[in-house]
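Novice: Shown below is the structure under consideration.
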Amino acid sequence: MSGILYLAWRHAAAHRARTSLLVACVALALWVPWTAGALAGQYDQALRSRAAETPLIIGAPGNRYDLTLAALYFRPSQLETIPYQELERLQEGGRATFIPLHMRFTARGYPIVATSVEYAEFRGLQPAEGRHALRLGEVALGADVAAALGLRAGDALLSDPTELYDISRPPALKMRVAGVYPPAGTPDDGAVFCDVRTAWVLEGIAHGHAPAEEIDEALVLSRADESVAVSGALMEYAEVTEENEGSFHYHGDTALLPLSAVLALPASRKDGTLLKSAVNAEGSFQAVTPAAVIGDLLGVVFRIKAFFDLVGVFLLGTTALLVSLVFLLSSRLRGAEMRTLDRIGAPRRVGAGLIGIEAALVLLLAGALAGGATAATLRWLPDLVSTF
Amino acid sequence: MGTAHLVLISALLLAGCSDHGATTSSPTGFPSGGGELRPVVAVASGPAELLAAAAVGPERVERVAPEGAPLDRWRPDDDALDAMVSARRVLVLGDEAEPWLQRAGLPPSRTVRLDAAIPEASWIEVGSFAHTHGGGESHTHGGVVAEAWTDPALLRAMAQRTRGQLGAVLGEGEASAPAWTLGARIDAYADELDALAEALDGRALIATHHGMEYLCRAAGIRLEVTELELDGGGSHPNDDAVRRLAELAGQEGAHAGVLVWPGPLDSAFAEKARQELGLRSVDFDLGASLAGSDTLTRLTQSTARLRAAIAPE
C-alpha cells in the first residue's frame, strides 16, 4: 500500500464514528433510488409480461382496469358477471380458444379461481403432484397455497363461507385437493384452482341433497303432484363424494350460469382484432387487451415517477454537498497535519490527495453497502407482483 | 375505480428513479393449449361414437366408457377423465342424456355438444318436478326427453354439426365417404320407421319409457308411456303406472298389443303383462350406450323387430 493511501486509510480508521456516519449517509442516499428503481423495473417487467401473455379478456361492461386486474391477478372486484352461454356463443365463432374464469370466492383467504383445464395448459401449469381438478368439488393448489397451508393431494380444503349466519346460503364446501402445481413465480402460485362448476356450487346455484321425494316430511312445506316446497333448513351436501356426486344439480337455465370473465386466445392476430372489434361493437360485453390496459396504467404511473426521479436527484445532490462540507471542515481541522507533511518535504498535492482518497474510500464503501442492501431488499422483499 | 386507484397509489409508492423502457406486447404466437393432445375423438355414448366415426373415421374414435354402461348412471373414473381431457375433441350428447357432464370438468373449447344441433322447439318435454328450498327460487328437475338422436331428422342435424366441428380439426377428407354412407343409413332407418307406422295403422304403441317419443313423433306414431320404474332387478313397479297400463291395455283395438321396453326388460313383469293384460313385451334398443354394433344398426334392427312383433289387427 503506497504511503498516501495508507495515511488516508489510517485517518479514516482513526475516526471510525465520523467515517461510519458518512458511509451510512451516502449509502442511504444511494440505496433509496437504486432499490426503488430496481423494484419498479422488476414490477414493470412482471406486470407487462403477464399482460402480454394474455391476448384478450372479455367481461361485462365496466371498469377495464378492474376487469384486467381481476382476470390477471385474481383481485377481488365488484364486476358484473357474464352468462356461460356467452362463452359458448363465442366458441361457436371459432376465432379463439375461450377460457372461463370465475373468481368470487376464497378458501382460507386465498382466491378460488374457477376455470377449466385449458387455463392450466395456457399458463403452462402441470401438476407436480396429483392431477388437475376435473371433478365437482375438487381443487388444485398453487405452490404457495400448498406450502402455506401444508396441503397435499388427497387432503381437504374448506371454502370460506360468504354468509355465516344465513342458513339459506350455501355452507362452506369441503373440497378435495386433487393436485398441487409447482412454483411458477406468478399470481397462479397463490390461487386455488377448481372447475367452474365447483364455483357454481359455492354460489348455491348448483347443489346436492336427498331426492325431493325422500326428504323428511318435517322439512316439506307443501307437496303437489309435480312440485314440492322444502324448508330452507334442508341440509345440502357440504362435500361432493363419490356417493352423493350424482345428486348435484343446477337451478334454472345452465346457459345463464355466471362467469367473472373469459380469457380469449385467438388463433391469429387477425382473429384477435376481429374478435375484439366484434365484441365491442355489439356492446353487451367488452373485450380488452391486457397489455394495453396495463400499459396505460403504468404510463400514468411513470409520468408521475419523473417527479420522484427529480426528488432522488435532489437527495443525492444534498447529500453530496453535505459530505463536501464535512470534508472541507475536516481539512481545516487537519491544518497541523498538513503543515507537518509540508515540513518533512512532502509535495503540496499530498494534502489534497489524502482528502480525495478518503472521500473516494467513503464513496466506495457506501456504494458497496448500498449495493448489498439493494440486493438484499430485492431478495427478501415479498414478491408484490404475485400477490398484486 | 377503487382498484385502479389502489394500483396507482401502490405503483407510485414503489416507483423508483430509473425508467425502464416499456415493452410492447405482441398478440402473435398464442399458446393453443393443445400441443400434447392426442388426435382422437373421445366418446362415451353410442350416438356420439356413430357420428364421430362417420365424421373422422372409426380409427380416430376412442371409447372412454365401458360397453353397456347406462348413460344416465355412468360416472367417468380418473382414467376416463384423463382420456377425455387429453383428446383433441370430446363428442357428447348433452347434460340431459349424459348427466355426468354436469359434474365433470371437460375443456369447453374441445368439447362438442350434440344437443346444440337441436332446435329449441324440437325438444320434447315431459312431466317435470319443481321444488323450492325455503325462500330460494323454485327449480325444476327433469322435463326433457334426451333421446333426440332417434329422430332421423335430428340425427342428420347432429351429423352435420359433428362433421363441421370435427372435420376441421381431425381431417374432413377422410370423413366424406363414411358421412355419405351415414346419410344413406339414416334414410334406411327412416324408411323402417315409416314401415312401422304403416303396420300400426293408427294404433298406439305402449312403452315403459319416454325414450321412444322422438322416433314416434318422426313417424307419426301415437305413443302411450307408462313409467313402471323397473330396473330389471326384481324391484316393485310403480302402482300408478301399473293401473295406467291396465287402463291402456283395456282399450282393445286402440293399441298394437305390445309393451315396448326401451329400457331394461323386466322378465317377471313382462310375463305378468302377457298373462293378465294380453300385452307381449318387446325390447327396443335406443342405442344410447356403447355396444358391439353401432347405434343406427341397433335402432334399425329394433324398429324392424318391433314391426314384426306387432299383433295383427
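Just so you know, all these numbers are worked out from the coordinates, no wet-lab data involved. What you see is a predicted model, and the numbers here were worked out from it, not measured in a lab. Every residue, glycine among them, receives a Cβ derived from its backbone with ideal geometry; neighbour counts consider all protein chains shown.
Novice: Could you tell me what fraction of 2.2 N^0.38 Å the Cα radius of gyration of the range A:1-104 comes to, as a two-decimal ratio?
Specialist: Rounded to two decimals, the normalised Rg is 2.15.
Novice: Something else: Neighbour counts of other C-beta atoms within 10 Å: give me B:Arg73, B:Arg163, B:Arg217 arranged from fewest to most.
Specialist: B:Arg73, B:Arg217, B:Arg163
Novice: Oh, and also: Taking the alpha-carbon set of the range B:198-309, what are its Rg and Dmax in Å?
Specialist: In Å, with Rg to one decimal and Dmax whole: 13.5, 38.
Novice: Could I ask something else about it? Helix A:349-380 sits at what angle to the longest principal axis of chain A, using alpha carbons and giving 0 to 90 degrees rounded to 10?
Specialist: Relative to chain A, helix A:349-380 is tipped by roughly 10 degrees.
Novice: Which value, in nm² and rounded to one decimal, describes the direction-averaged projected area of the C-alpha convex hull of the range A:114-196?
Specialist: 5.4
Novice: Same structure again: Name the residue, out of A:Ser324, A:Ser77, A:Ser277, whose mean-square fluctuation peaks in a Gaussian network model built on chain A with Cα pairs under 10 Å.
Specialist: In the Gaussian network model the winner is A:Ser324.
Novice: Just want the ordering: B:Cys216, A:Cys194, A:Cys25, from fewest to most Cβ atoms lying within 10 Å of their own Cβ.
Specialist: Result, fewest neighbours first: A:Cys25, B:Cys216, A:Cys194.
Novice: Please work out the Cα center distance from the range A:106-142 to the range A:304-339, rounded to the nearest Å.
Specialist: 56
Novice: Also, I was wondering about something else. When only Cα pairs under 8 Å and 6 or more residues apart are kept, what is the percent relative contact order across chain A?
Specialist: 28 percent.
Novice: Then there is this: Summing -39500 (n - 2.57) over the DSSP H runs of n ≥ 4 in chain A and dividing by its residue number, what mean residue ellipticity at 222 nm do you reach, to the nearest 500 deg cm²/dmol?
Specialist: It comes out at -16500 deg cm²/dmol, rounded to the nearest 500.
Novice: Here is a follow-up. To make sure I understand, if each residue's beta carbon is the centre and we count other beta carbons within 10 Å, what order do B:Arg161, B:Arg110 fall in, fewest to most?
Specialist: B:Arg161, B:Arg110
Novice: With angles folded into 0 to 90 degrees, how steeply does helix A:290-333 sit against the dominant principal axis of chain A? Use alpha carbons for both and round to 10.
Specialist: Roughly 20 degrees between the two axes.
Novice: Rounded to a whole number of µm²/s, how large is the Stokes-Einstein D of chain A at 20 °C and 1.002 mPa s, given Rh as the Kirkwood radius over C-alpha pairs?
Specialist: Stokes-Einstein gives a translational diffusion coefficient of 83 µm²/s.
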